[in-house]
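First comes the structure, then the notes that go with it.
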Amino acid sequence: MTHMADPLAQGWTTPGHVVDGVDLQALAAREGTPLHAYSAPRIRDSLLELQSALHGMDALVCYAVKANSNIAILRLMHEAGAGADIVSAGELRRCLLAGIPANRIVFSGVGKTEDEIAEALDAGIARFNVESRDELETLQRLACARRVIAHAAVRINPDVDAGTHAKISTGKAVNKFGVSVVEARRWFADARQFTHARLDGLHMHIGSQILSLEPFHVALQRLARFWRELVLSGHAISSIDVGGGLGVCYRPQQDHPIAAAHYVRVIREALAGFNGRIVLEPGRFLVANAGILLTRVIRAKQGEQRRFLVVDAAMNDLMRPSLYDAWHEITRVGDAPRPARLAYDIVGPVCETGDTFAIARELPECLPGDLLAIAGTGAYGAAMASTYNSRPLAAEVLLDDGRYAIVRERQTFDQMIAGEQPARTWRTT
C-alpha cells in the first residue's frame with residue numbers, strides 16, 4: 001500500500017464528484033458553503049498504512065492533534081488504535097473527550113505553562129517531551145508535589161535542514177525547538193536530582209511536509225548516536241520519539257511523498273538494537289488529503305490585468321495559501337461540460353490582498369453559483385481558522401460509506417460574539 005496523493009487529482013472522486021458515496025453538490029446545497037468535508041475511510045487507510053509498516057515493532061502512533069483537532073477525527077484515531085501528541089491543555093481535553101486514554105498521550109511544545117503541566121500530570125499522561133532546563137525543573141517540582149513520577153523525554157534539536165518551508169522547519173539550531181546534544185548531556189549527568197521527572201526518553205521532530213528521506217536519515221543517525229552514548233554511560237532509555245513530518249502530495253506531478261514503508265525502514269535501521277518503545281507523531285500524513293473545502297463562486301470579475309474568481313471561502317477558513325504560499329488543487333464540481341478553460345486568480349471576500357487561494361489557475365469557465373472543491377485541506381485547515389472580518393467559522397462534516405455527519409455546526413453570529421460586551425463594569429487593579 002502506498003500513500004495516495006491529492007484526492008481530487010488522484011481519483012478520490014468519481015466523474016460525478018461523489019466522495020465516499022456522498023454527492024458533493026447535494027451536500028453543499030443542504031449544508032451550505034464554505035464547508036469542510038473529511039473522508040473517514042481515507043483517514044483509516046493512511047493510519048493503517050503506517051501501522052502495517054510498523055508491524056513487529058514496539059511502536060505507538062501518536063496523532064499530532066494540531067493538524068486537525070476535531071473531536072470526531074480524534075475519535076477515529078482512537079478507534080483505529082492511535083494515541084495523541086498534544087501541545088496544549090485544550091488538546092488534552094479534546095483527546096480525553098474523544099476517548100483516547102491518557103497513557104497514550106504525549107505532551108510536546110516549548111511553552112507548556114505550570115497549569116498545563118499540572119493538568120497533564122493529574123490526567124496521568126504517558127510522557128512529557130521536554131524542551132528546556134526550566135521546563136524540566138518545573139516538571140520535577142510539580143510532580144514531586146503530587147508524589148507522582150513523570151516520564152520525560154529530552155527533545156533533541158539535531159540541527160538538520162528538513163528542506164521544507166522555513167515557517168514549518170523545527171530541527172535547525174536557529175529554531176526555538178529542543179536543545180542541543182551538549183545541553184541534553186548535562187541533564188542526564190544531573191539525572192539523579194530529578195527524582196520525580198524521570199529522564200528515560202529521547203525525542204526529536206525536524207519539521208513538517210518533508211518529501212525526502214535524507215533529512216530523516218541524518219537526524220535519526222544523530223539521535224541514535226546519542227542514545228548509544230547514554231546507554232554506555234548507564235542511562236536507561238525506554239522510549240525514543242522520532243516525531244512526525246511525513247509530507248503529502250498537494251501538487252500532482254511535483255510532490256512525491258515518501259511511502260510509509262520506506263520511512264519506517266529508515267527508523268528500523270537507525271534504531272536497530274533498541275528494545276524500548278518507538279513513538280511516531282504523524283499529523284498531516286494522516287489527515288491532509290482526507291479533507292476538501294467546498295466553496296461557491298460569488299462572482300467572476302475581469303480586472304485590467306487579471307481575471308478574478310471570487311468565492312465564499314476566505315483566508316479565515318483556509319490560512320495556508322496566505323501564510324505559506326501553499327498550493328492546493330482546485331476543481332470545479334459539476335457534470336455540465338464547460339469546454340472553455342480560463343486562468344483565474346481565485347480569491348476570497350476578506351479585505352486583504354493575501355486572501356488568495358490561487359494565481360492564474362486554469363479552470364473550466366466558472367459562473368456565479370458554481371461549486372468548487374479545494375483539496376488537501378484536512379490538515380491545518382479548520383484547525384487554523386479564525387473569525388477575521390467577523391466571518392463565522394465554517395461547518396465541518398465527516399463522510400463515510402454513503403452517509404455524512406455534521407461534526408462541527410456552522411457557527412452563528414451570536415455564538416461568534418458570545419463573551420463580548422460593552423464596557424459596563426469598570427475595575428481597578
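Key figures for this structure:
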item: Matching entry among Q209, Q253 (being within 30 Å of A28 (Cα to Cα), modelled with pLDDT under 95 and either surrounded by fewer than 17 Cβ atoms within 10 Å (Cβ to Cβ) or in contact with a Pro (Cβ under 6 Å, 6 or more places away or on another chain) (or both)); result: Q253
item: Matching residues in the range 121-159 - criterion: being farther than 26 Å from V181 by Cβ, touching a residue at least 12 places away in the same chain (Cβ under 8 Å) and of a type in the set (A, V, I, L, M); result: L121, A123, L142, V148
item: Whichever residue in the range 35-68 is touching a residue at least 60 places away in the same chain (Cβ under 8 Å) and basic (K, R) and, among such residues, is farthest from V19 (Cα to Cα); result: K66
item: Among the candidates I149, I71, I100, I105, residue that is more than 21 Å from G247 (Cα to Cα), touching a strand residue (DSSP E or B) at 6+ places or on another chain (Cβ under 6 Å), among the aliphatic types (A, V, I, L, M) and surrounded by fewer than 18 Cβ atoms within 10 Å (Cβ to Cβ); result: I149
item: Any hit, the range 352-364, residues being in contact (Cβ under 8 Å) with a residue 12 or more places away in the chain, of a type in the set (A, V, I, L, M, F, W, C) and part of a loop (DSSP other than H, G, I, E, B); result: no
item: Output for the range 177-213, where each listed residue is over 28 Å from L142 (Cα atoms) and either without any contact (Cβ under 8 Å) to a residue 40 or more places away in the chain or aliphatic (A, V, I, L, M) (or both); result: I206, I210, L211, L213
item: Close pairs (9 angstrom Cβ cut-off, 6 or more residues apart or separate chains): at pLDDT 95 or above in the range 404-427, among the aromatic types (F, W, Y) anywhere; result: V407/Y38
item: Condition check for V61: modelled with pLDDT under 95 and of a type in the set (A, V, I, L, M, F, W, C); result: no
item: Residue match in the range 265-272 (condition: among the β-branched types (V, I, T), assigned to a helix (DSSP H, G or I) and at pLDDT 95 or above); result: yes
item: Selected residue (criterion: nearest to the chain's Cα centre (by Cα)) from residues of the range 41-68 that are of a type in the set (S, T, N, Q) and surrounded by 24 or more Cβ atoms within 10 Å (Cβ to Cβ); result: N68
item: Enumerated strands (runs of 3 or more DSSP E) restricted to the range 19-92, each holding at least 2 residues that are under 30 Å from D115 (Cα atoms); result: 59-64, 83-86
item: Meets criteria (surrounded by fewer than 24 Cβ atoms within 10 Å (Cβ to Cβ) and at pLDDT below 95) for P321; result: no
item: Residue within the range 227-234 that is in the same structural domain as T331 (by TED's automatic domain parsing) and surrounded by fewer than 23 Cβ atoms within 10 Å (Cβ to Cβ) present; result: no
item: Complete set of residues in the range 209-226 that are of a type in the set (G, A, S), under 13 Å from V242 (Cα atoms) and touching a Gly at 6+ places or on another chain (Cβ under 7 Å); result: A219
item: Residue satisfying all of: in the range 312-340; outside any loop (DSSP other than H, G, I, E, B) and farther than 19 Å from H17 by Cα; nearest to the chain's Cα centre (by Cα) among these; result: R320
item: Every residue from the range 182-221 that is in contact with a strand residue (DSSP E or B) (Cβ under 6 Å, 6 or more places away or on another chain) and over 14 Å from I237 (Cα atoms); result: M204, G207
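The values are calculated or read from the model by the stated rules, or taken from the named source; none is laboratory data. Keep in mind that what you see is a predicted model, and the values were worked out from it rather than measured. In this analysis, Cβ positions are derived from the backbone assuming ideal geometry, glycine residues included, and neighbour counts consider all displayed protein chains.
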